[in-house]
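Down below is the structure, laid out as structure tokens.
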Amino acid sequence: MMQIRCLFSTLTLFVVLSPAFAQTRDSFLQPAGPIADAQRTELLQILGWTMIAIIPVFLLVPLILWHYRYRNTSARYTPEWDRSRMLEVLMWGVPVIIVCILSAQLVRTTHDLDPYRPIASDTPELRVQVIGLDWKWLFIYPDHNIATVNALTIPVDTPVAFELTTDTVMQSFLISSLAGQIYTMPGMQTQLHVIATETGTFQGENTQFNGIGFTDQKFDTTVLSNSDFSAWLAQVQAADLSLTEERYATLAAPSTGAQAKAALASTSGPDGVVYFASVPDGMFESVLHRYMHGNEIPASAQPGTAAYQPNALEEPDQ
Amino acid sequence: MTQPNAKLHPGLNLGHHHGEAHNQAETVVFGFWVFLMSDLILFGLTFASYITLANNMGMASGPTPADIIDLVNVFAQTVLLLVSSLTFGVASLTMRHKMPAKVTIAWLGLSLVLGLAFLGLAALDFLNMANQGAVPSRSGYLSGLWSLVGLHAVHVTAGCFWIMIMIAQIAVLGLHPIVKSRVLRLGLFWHFLDIVWIGIFSIVYLGGLL
Amino acid sequence: MSGEAQTSWLGRLNIDSLSIWRAIENPSVSEFVGAGAALVAIFGGIGALVLITWLRAWGTLWRDWLTSTDHKKIGVMYCVLALVMLLRGVIEGVVMRTQQAFGMGGGFLAPEHFSELFSTHGTIMIFFVAMPFIIGITNYVMPLQLGARDMSFPVLNQISLALTATGAALVMISLVLGEFATGGWTNYPPYTGKDFQPGPGPDYWIWAIVLSGLGTTLTGINFAVTLYKERAPGMTLFRMPIFCWTVLCASIVMIFALPPLTLAALMLAADRYLDFHFFTNDLGGNMMNYVNLFWLFGHPEVYLLVIPAYGVFSEVVPTFSGKRLYGYNSMVYATMAIAVLSFCVWLHHFFTMGQSANVNIAFGIASMAIAVPTGVKIYNWVATMYRARIRMTVPMIYATGFFFLFTIGGLTGVMLANPVISYQVHNTLFLVAHFHNVLIPGVLFGIFAGYHFWFPKVFGFRLEERWGKRAACLWVVGFCFTFLPLYALGLMGMPRRSVMWDDPAFQPFMWLALVGALTILSAVTALGIQLWVSVRNRAATACPLGDPWNGRTLEWSIPSPPPPYNFAQVPQVRTRDDFTDAKATGRAYQPLSAYEDIEMPRNTAIGMIVLIGSTLLGLALIFWIWWLAIVSVGVMLTALIGRTFWLNTTYTIPAEEIARDHQAWLAEVHAAQRITRAEETQAANRGRAALELPQGVSV
Ligand code: HEM
Ligand SMILES: [Cu+2]
């Protein structure tokens, strides 16, 4: 077992040590929090356990093929032999035992790492509301009354509770170095809980194809120390724009973060990122419930459609 | 090989006194059963998606079951379909007992009339719903309802055409072995639609009103 | 939406629908790739027509193939269809790999073209390569293994082929007219709803899937009934060749798994055409229903493909090991277990949709449980080779590649079955690597093994060995290079369906994958060369006597190619591996005391009517040409109903003719040299096998 784990750790090291990891970490093989770390451990453990079933195949197939080759007339040949009680027990038994062990583990870790499960911590949790739009992410910090496009900044060692939805087609939200992904769906809310134990920049992305700008829907997750985080909050609160219904309608049109920034003429924040100094109350909820009012929403008022018109969204009750 | 009275396939068998026709029916009728199983899955899943949509969210503030269900009409439809199943059963028996082709045709014709009457009432029901604005484009719930009931109605329509064709075939070809086996299969289909309808009646209509 | 206002008699079809026109109007590399593909499709089609005319083959083609109801002919046509589509699918795969190799920050393909590529590639590979290939091989082999004269429903069989071909034709036509869907092979709404994708793309997907899916359902029924009702006397279920068992399980899966797909596609169509609200964002639609329905089909689907492939390996390994299959019963139960379990695991395709941990746990454990019977199968094959005398022929090379690579695929499958890991690698290239890892070494290698194994049965001559071995090795190596690096890329966080990327660390893996894709391309080329060489040298590899591999089951007990009626007299089966037993006990190749007339189904044009009618119907629906839809449905219904008034559907082959052919063949068999396995691949092997027993044993 140990050797196997070493072997595979070395293999993953090969992946892990690739040059790009220097800047933005984008894989759970380089975890920055306990969840991703547990996921990596789980992966390696499965690798280890399944080897018990797999290595025999890898050893026996070449050996048997060679030893019992047609030309080796000295090898034993038993054309009628087709059963063996002992082999039968082994063949069914060993995989059953492995699957049982892995199942027990699966039950435990799936509960522990359930994305809906709040993370126990003395530090109060930070709430972030996420709205997936076509080819960018809108992050709302309801407790701080700010919002950003494509910039998720969180304090270190603080549990973060995400509530997620989308105002277009389905997307999937993943910050691999911190935790696994969760779908965002129109008119529905999903949840995700993460905690980062290291500062740094980690890539977040949408993994569910949603049109031509799909590959641009990535963002930096910046984990800051508590004091830096406060400074960052102050910086955003001083931004030039506030998020209004009108600006949201513009933002919601299919565009990448950089295009949206240009369309809004925003000047604060890094490239491709928009900071909003304030957010109307209940923004997230109004997006979430938009599709639930029971009236038909024409395509022109659905962000992401071919016919979407920002001004149709502004007056929701036409 | 087979026992004289052994059934060759589930359901009504022609019986050994039909000779070759009885044996030929074995494979085709069995095949038709398998087809019905597949069709049943289709209905089952349509039911399942209907059920997921028959709630407040799926109704989207639109018409609710109480607004649109006309139980009298639906009950009449149920009776028509059940009776037509009965008359079809009689048609099959007349064939099994080698009564004259005319008799079989008459019973088939009666089943057809009842089937058409069922479709007429169903159309009326759909029309009434549409007049109240309960069209499938109004809500997920109505989409589910129209598609489930509609899927059944399409089946009944196909069944009615099939009865017409069988009447024509009996008239033209007589009770040829292959024609007999087709009538057997049509019978299975017709009874199957009855069972599905009972499901619709209980889940969509009675369940909707609860 | 421009088509909506206009009421042209061609619906929303107009000059902009022509991809070639789009390339002229708006020239770019990406458009040229699209137009080039359209030209290849057009000229390929025209070229085929010209070639047939030039060879004056129309008559033969019509009489011997297109109108045939012979399960063998239909099987071959399925395989030809699959080969043509495989060519397109592989080329698309290579184009995508090339794009991604150069995809750091750009590449040469526009994103919309890339998304069309992965959508057509996935759709084609699953529905029009793997399925028709498996169905084609089964069509040919299964009735022969059962000792049957044909399928239970030969005409239905022809119609199923027609419907499958319709789907394939629609996907091909999408190269020229309009464009295909961009939502992947899964085509999830709301992205594919009419608000988001008003064009004809998703409609191509819908009708290709619905029409071919109908064909597949009918095929499943046909297979299941044939297996239950057409077995030769004495062939109990537990004497059936194991391939037949796998087909039985797969056909039950077909019967139950296709309806959810048909329904999902039809509901999507209702949303798109009739303004229903099944999966829309507003008015109570719920896209999660689609996802559930799709995977309720999608997971069983992959087992439907791989189970018969297991069956092929279960025939190939014992035959080339000269030994009985180890653990027949175990194999049967394992196959059944897999088939049943395959319906209980669909949720593992969306562990990340936010359901409770307990639901995920249940489906996770069920998914892992499939690894048990699958593992048992692998061990059984290994045990079959133990104390055997193994010949490393081409099918065995594929089998060996399968043992190694499929095991890796199984390993990553166990990983993906774990929700905790799926949260991370779902939707990444890890997943892409995994499913190619089971589909290529599992399904495709199984298909190729079967192709080499049964080719001599079908055409009466063997495939050339050297090119075959080259192709097989190239496939194995090419697979490793193409797909193993994708595991790493997936772990590094690269999402699937990405036209480009920006992490320099991906680059080396991308190069490796490109090298692999080119290797696979050369493997396909090698297969083409092999076919060419084999046809040219067919005299040297002829094996008309029917048993080139010292086969174990009934299909080897008749001439190659078999006569239309398969067996001069329906065989009486005494045991499992009946032909091996027959050869050992001297029952084989016995003259018959009496011959009987045989009644066989006549040719019919109904399949061709359905093919043309339903293709036009599909196009009519895609482009809103309503009159054409009505006309084509009308024509098809009239033909189908009209045919039922026609009772004269069989013809009789006279006993004398059967006797003459059978006796001539028997005479040849008895005169022929008996070949030991050492000379198996040499010209001397005309299809009569010598008994080779263990040392010290004699009959
Ligand atoms: C033979 C060489 C093949 C190559 C080079 C190849 C390559 C690819 C590539 C590049 C993708 C897109 C991956 C992405 O999403 O980023 C893909 C997707 C896919 N391939 Fe293949 N492939 C091959 C064979 C096959 C076979 C044999 C099958 C099935 C039997 C198959 C089924 C699929 C499916 C289902 C998808 C997913 C499409 C989607 O995203 O919806 N491929 N393949
Ligand atoms: Cu699956």
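The values are calculated or read from the model by the stated rules, or taken from the named source; none is laboratory data. A quick note: this is a predicted structure, and the numbers were derived from the prediction, not measured. Every residue, glycine as well, gets a Cβ built from its backbone with ideal geometry; the counts of neighbours run over all protein chains shown. Each accessible area value is taken on the protein alone, full model and side chains, heavy atoms only, with ligands, DNA and RNA left out. Shrake-Rupley method; radii C 1.70, N 1.55, O 1.52, S 1.80 Å.
Worth a mention:
- Region C:28-53 and region B:41-109 have Cα centres spaced 51 Å apart.
- Comparing Cα centroids, region A:104-143 and region C:86-157 end up 39 angstrom apart.
- Mean ellipticity per residue at 222 nm, deg cm²/dmol - from DSSP H runs of n ≥ 4 across chain C, formula -39500 (n - 2.57): -21000 deg cm²/dmol
- Per-residue mean of C-beta atoms belonging to partner chains within 10 Å, peptide A:45-51: 4
- Compactness index (Cα Rg / 2.2 N^0.38 Å), region C:1-56: 1.53
- Helical runs (DSSP H, four residues minimum) scored at -39500 (n - 2.57) apiece and divided by the length of chain A put the mean residue ellipticity at 222 nm at -12000 deg cm²/dmol.
- As an equivalent ellipsoid, region A:193-273 spans semi-axes of 24, 20, 10 angstrom, where each value is the square root of five times an eigenvalue of the C-alpha gyration tensor, largest first.
- Ordered from largest to smallest accessible area (heavy atoms of protein chains, 1.4 Å probe), the residues C:ILE675, A:ILE35, C:ILE630 come out as C:ILE630, A:ILE35, C:ILE675.
- Legend: mean number of C-beta atoms from other chains within 10 angstrom of residue C-beta atoms, peptide C:357-370, equals 4.
- Derived scalar couplings ³J(HN,Hα) [region C:166-181; Karplus, 6.51 cos²θ - 1.76 cosθ + 1.60; whole Hz; x for Gly, Pro]: 4, x, 4, 4, 4, 5, 5, 5, 5, 5, 9, 10, x, 8, 7, 4
- Accessible surface comparison of C:ASP502, A:ASP134, probe 1.4 Å, protein chains only, largest first: the order is C:ASP502, A:ASP134.
- Averaged over residues, the count of other Cβ atoms within 10 Å places the peptides C:238-249, C:201-212, C:579-590 in the sequence C:201-212, C:238-249, C:579-590, highest first.
- The distance linking region C:291-310 with region A:160-234 is 32 Å (Cα centroid to Cα centroid, whole angstrom).
- Fraction of accessible area attributable to carbon and sulfur, chain C (%, probe 1.4 Å): 69 percent
- Global form of region A:182-228, assessed from the alpha-carbon gyration tensor, a/c cut-off 1.5: oblate
- The order of the peptides C:444-452, B:175-183, C:120-128 by mean Cβ neighbours within 10 Å, most packed first, is C:444-452, C:120-128, B:175-183.
- Chains A and C together, accessible area buried on both sides, 1.4 angstrom probe, square angstrom: 8800 Å²
- Surface accessible to a 1.4 Å probe, A:LYS261 within the full protein complex, Å²: 30 Å²
- Semi-axis lengths, largest first, of the ellipsoid equivalent to region B:68-147 are 35, 10, 10 Å, with √(5λ) applied to each eigenvalue of the Cα gyration tensor.
- Reach of B:LYS180 by Cα under 21 Å, taken over lysines that are not fewer than 8 positions away in the same chain: B:LYS7, B:LYS98, B:LYS102, C:LYS229
- Accessible-area composition of chain B, carbon plus sulfur, in percent [1.4 Å probe]: 73 percent
- Partner chain coverage, peptide B:58-66 - average Cβ within 10 angstrom: 4
- Rotationally averaged projected area of region C:335-403 (alpha carbon convex hull; nm²): 6.0 nm²
- From largest to smallest, the equivalent ellipsoid semi-axes obtained for region C:190-313 from the alpha-carbon gyration tensor read 37, 13, 11 Å.
- Reduced Cα scattering model of chain A, Debye log10 I(q)/I(0), q = 0.11, 0.14 Å⁻¹: -0.76, -1.07
- ³J(HN,Hα) computed for each position of region A:175-180 - Karplus, 6.51 cos²θ - 1.76 cosθ + 1.60, integer Hz, glycine/proline x: 10, 4, 5, 9, 6, x
- Estimated buried accessible area (total), pair C and B, 1.4 Å, Å² to nearest 100: 2600 Å²
- Compactness check for chain C: Cα Rg over 2.2 N^0.38 Å is 0.96.
- Using alpha-carbon coordinates, inclination of helix C:445-459 to the longest axis of chain C, degrees: 50 degrees
- Quarter of the Cα convex hull surface for region C:131-235, i.e. its orientation-mean projected area (nm²): 7.4 nm²
- Karplus-derived 3J(HN,Hα) values for region C:87-92, using 6.51 cos²θ - 1.76 cosθ + 1.60 with θ = phi - 60°, are 4, 5, x, 5, 4, 4 Hz; glycine and proline are entered as x.
- Net charge of Cβ neighbours under 15 Å - reference C:GLN158; Lys, Arg +1; Asp, Glu -1: +2
- Accessible area of the protein assembly as shown divided out per residue, in Å², using a probe of 1.4 angstrom: 36 Å²
- Put simply, the amide H of A:THR184, placed in the peptide plane, has neighbours under 5 Å in A:GLN171, A:SER172, A:PHE173, leaving out anything fewer than 5 places away on its chain.
- The fraction of all Cα pairs in the protein assembly as shown landing in successive 20 Å bins from 0 to the largest distance is 10, 38, 36, 14, 1, 0, given as whole percents.
- If you wrap the tightest convex hull around every Cα atom of region C:292-422 and split its volume per residue, you get 92 Å³.
- Protection-proxy order for peptides C:525-532, C:96-103, C:308-315, each taking the mean of Cβ atoms within 10 Å per residue, highest first: C:308-315, C:96-103, C:525-532
- Binning the alpha carbon pair distances of region B:108-201 at 5 angstrom intervals from zero yields the distribution 3, 12, 21, 20, 15, 11, 8, 5, 3, 2, 0, expressed in whole percent.
- Under 11 Å, Cβ to Cβ, from C:TYR140 - net charge with Lys/Arg +1 and Asp/Glu -1: +1
- Under the Debye formula (equal points on every Cα, no solvent term), log10 I(q)/I(0) of region B:16-209 at q = 0.10, 0.12 Å⁻¹: -0.47, -0.63
- Percent of C-alpha pairs per 5 Å bin in region C:1-139, short distances first: 2, 9, 12, 15, 16, 15, 13, 10, 6, 2, 0.
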